[in-house]
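As structure tokens, the structure follows; a few thoughts come after it.
The values are calculated or read from the model by the stated rules, or taken from the named source; none is laboratory data. Note that this is a predicted model, so its numbers are computed, not measured. We place every Cβ from the backbone using ideal geometry, glycine too, and count neighbours over all the protein chains shown. Note: accessible area is taken over every heavy atom of the protein model, side chains too, but ligands, DNA and RNA are not part of it. Shrake-Rupley method; radii C 1.70, N 1.55, O 1.52, S 1.80 Å.
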Amino acid sequence: MDLTEQHSTWRWTSPVLNPERHSRNAVLLMAAWLTLASPPICAQVSYHVIPAGEPPIPGNSLPGDALADTHVGRGKNDIVQAWLAQPTRRYPHGVLGDTVEATAVRVRTRDGSVLSYVLPEDSVFEDLLPRVYDINRDGLDEIILVRSRQQSGASLISLGIRDGKLVSLAESEPMGNRNQWMNPIGVADVDGDGNLELLVVLSPHENGMLIEYKFDGLSIVPGHRISGVTNHIAGTRAQGMAALMDANGDGIPDVLIPSADRRSLRAITFSFGVPMEFARFSLPAPAAGNFENTQPRTLLIPLEDGRRVRIEWRGKE
């Protein structure tokens with residue numbers, strides 16, 4: 001395969017800290033970490049520009065009643081599969097490429113049963129990716145989806161199986177206005193506290209805001225946030241334009257996400273309890289499409305001109 005390999009040039013960025021919001025200890029920890037971590041990481045990263053025409057990421061096969069262009073979420077506990085169904089045009093936002101959205105989510109359980117959860121008339125699932133995780137580590141899977149209401153816009157909803165039924169477990173506050181939308185990245189323990197967080201971008205088409213949400217089984221509550229990112233292009237179906245990966249080698253997943261103009265890759269850590277960009281990588285063309293983790297520390301980034309960039313974080317020497 002014809003590759004152009006280059007040594008990457010990361011632009012190390014100093015965090016902007018507000019003394020009223022960040023403790024003195026947090027500031028000292030950040031400064032010490034940057035001093036110790038920066039030189040090794042610069043030596044470990046390389047990237048390859050891959051020409052257009054290489055095969056894309058293979059897709060998932062869908063159940064017969066699934067909404068077109070959706071994906072199947074796969075769980076590890078009581079939920080084997082989850083998919084979106086029952087199309088409608090009652091919410092003509094079109095952020096995902098057309099005005100057809102799902103009104104139901106179905107699951108196939110470990111014993112083979114199929115269960116459904118259907119939304120009321122005031123809302124739809126403005127989403128294509130049922131994300132199935134055991135978020136609160138109780139041994140039961142939860143499904144995370146974007147629910148959009150006619151009057152108040154998008155929110156995060158968590159569903160799970162309780163007493164043999166698929167039910168709503170918790171929901172975040174809606175964004176506030178019709179057609180306001182959010183796009184989840186995934187689930188990981190990004191701050192190292194032993195609990196899983198939901199990573200979500202609010203308004204990804206308008207200088208998006210990256211937020212970590214906490215889920216305790218009963219509520220979904222927003223936490224720390226940082227602006228100037230995106231993980232989606234309006235009118236497209238690709239919702240995976242970001243990744244969770246340990247890029248700095250501290251054992252805690254980082255968020256790798258395009259800048260709002262998609263011309264840079266931002267590496268953001270939450271490991272100090274506050275989000276901080278610790279590196280920025282200029283891309284040869286705007287990012288455009290789903291990121292792929294091809295190996296534990298290798299990231300494949302599609303570009304607007306058809307090429308792709310492969311970034312590799314190598315182990316400490």
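Residue selection: SER158 satisfies the criterion of being within 21 Å of LEU198 (Cα to Cα) and either among the polar types (S, T, N, Q) or touching a Cys at 6+ places or on another chain (Cβ under 9 Å) (or both). Checking LEU159, LEU140, LEU169, LEU128 one by one, the residue that is surrounded by 23 or more Cβ atoms within 10 Å (Cβ to Cβ), in contact with a strand residue (DSSP E or B) (Cβ under 9 Å, 6 or more places away or on another chain) and farther than 24 Å from PRO275 by Cα is LEU159 and no other.
Could you grab me the full set of residues in the range 217-244 that are assigned to a strand (DSSP E or B) and under 26 Å from ASP69 (Cα atoms)? It would help to see each step written out before you state the result.
Step one: list which residues in the range 217-244 are assigned to a strand (DSSP E or B), which gives 220-229, 243-244.
Matches in the range 217-244: VAL229, ALA243, LEU244.
Within the range 78-96, the set of residues being open to solvent by 40 Å² or more (accessible area, probe 1.4 Å) and not basic (Lys, Arg) comprises VAL80, GLN86, PRO87, PRO92, HIS93.
Looking at the range 71-114 only, could you name the residues that are of a type in the set (A, V, I, L, M) and within 29 Å of GLN180 (Cα to Cα)? First the steps, then the outcome.
So the first thing to find is which residues in the range 71-114 are of a type in the set (A, V, I, L, M), and the list is 72, 79-80, 82, 84-85, 95-96, 100, 102, 104-105, 107, 114.
Listed by number, the residues that qualify are VAL72, ALA82, LEU84, ALA85, VAL95, LEU96, VAL100, ALA102, ALA104, VAL105, VAL107.
Among what's in the range 263-290 and is aliphatic (A, V, I, L, M) and either open to solvent by 30 Å² or more (accessible area, probe 1.4 Å) or part of a loop (DSSP other than H, G, I, E, B) (or both), pick the residue that is farthest from PRO204 (Cα to Cα). Of everything passing the filter in the range 263-290, VAL274 is farthest from PRO204 (Cα to Cα). Listed conditions (1) modelled with pLDDT of 95 or more; (2) among the charged types (D, E, K, R); (3) under 23 Å from the mean Cα position of the chain (by Cα) are all met by ASP138, apart from (1). Hey, any hits in the range 200-215 for a residue that's surrounded by fewer than 22 Cβ atoms within 10 Å (Cβ to Cβ), assigned to a loop (DSSP other than H, G, I, E, B) and modelled with pLDDT of 95 or more? Looking for residues that are surrounded by fewer than 22 Cβ atoms within 10 Å (Cβ to Cβ), assigned to a loop (DSSP other than H, G, I, E, B) and modelled with pLDDT of 95 or more, one finds at least one in the range 200-215, hence yes. Residues in the range 216-233 that are within 16 Å of the chain's Cα centre (by Cα), open to solvent by 20 Å² or more (accessible area, probe 1.4 Å) and touching a residue at least 40 places away in the same chain (Cβ under 8 Å): PRO222, HIS224, ARG225, ILE226, ILE233. Out of the residues in the range 143-156 meeting the condition of being out of contact with any strand residue (DSSP E or B) (no Cβ under 8 Å at 6 or more places or on another chain) and among the polar types (S, T, N, Q), tell me which one is surrounded by the fewest Cβ atoms within 10 Å (Cβ to Cβ). Going through the qualifying residues, I end up with GLN151.
Condition check: free of Cβ contacts under 8 Å to residues at least 60 places away in the same chain, within 23 Å of ALA82 (Cβ to Cβ) and not small (Gly, Ala, Ser). Does LEU159 satisfy that? If you could, list the steps in order and put the result at the bottom.
Working: free of Cβ contacts under 8 Å to residues at least 60 places away in the same chain: yes; within 23 Å of ALA82 (Cβ to Cβ): yes; not small (Gly, Ala, Ser): yes.
It is true that LEU159 is free of Cβ contacts under 8 Å to residues at least 60 places away in the same chain, within 23 Å of ALA82 (Cβ to Cβ) and not small (Gly, Ala, Ser).
Each residue in the range 124-160 was checked for being out of contact with any Ser or Thr (no Cβ under 6 Å at 6 or more places or on another chain), more than 20 Å from PHE215 (Cα to Cα) and outside any loop (DSSP other than H, G, I, E, B), and 1 pass.
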